[in-house]
Amino acid sequence: MDGQYYLDALNEPWTSFYNVDILAGVTNTSAIPLILGGETEMWGETADGSDVQQTIWPRAAAAAERQWSYDVTPKTADDSVKARLQAFRCWLLERGVAAAPVNNPSARSAPPGPGSCLYQ
């Protein structure tokens, strides 16, 4: 993934954001405890007011979970992560945030059909 945490990389699914190793390239192991997290960016050239929420969510949530709960054990996106993101998407939709479906292979794709917010 080129930009690591650039949310305007529309062809990157949430799993790519979750699987980024924020310690990649850190050669001084004594600096590792000083790393508190990371940053996820959304630029304006690929989004506007009509689609910015769908572009950001759930991919920013995947990045946030990985950055906030980082430890030295490698982690990869799995079904437990997907279940948490699906539940989080439902929570966002209930609050009026237009989050994209978790099962979409890329950002801003339309849901495959009607159904639960958990399984779109």
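The values are calculated or read from the model by the stated rules, or taken from the named source; none is laboratory data. This one's a predicted model, so the numbers in the text were calculated from it and none came from an experiment. Because the Cβ atoms are built from the backbone with ideal geometry, glycine has one as well, and the counts that use them run over all protein chains shown.
Inside the range 68-83, residues that are surrounded by 15 or more Cβ atoms within 10 Å (Cβ to Cβ) and either modelled with pLDDT of 85 or more or farther than 30 Å from Asn28 by Cα (or both) make up a count of 2. Does Leu10 qualify as being over 25 Å from Cys90 (Cβ atoms), assigned to a loop (DSSP other than H, G, I, E, B) and hydrophobic (A, V, I, L, M, F, W, C)? For Leu10, the condition - over 25 Å from Cys90 (Cβ atoms), assigned to a loop (DSSP other than H, G, I, E, B) and hydrophobic (A, V, I, L, M, F, W, C) - is not met. Test of understanding: among Gly96, Gly25, Gly113, Gly49, which residue is at pLDDT 90 or above and assigned to a loop (DSSP other than H, G, I, E, B)? Going through Gly96, Gly25, Gly113, Gly49 in turn, the sole match is Gly96. Can you pull out every residue in the range 13-46 that is in contact (Cβ under 8 Å) with a residue 60 or more places away in the chain and of a type in the set (A, V, I, L, M, F, W, C)? Trp14, the sole residue that qualifies.
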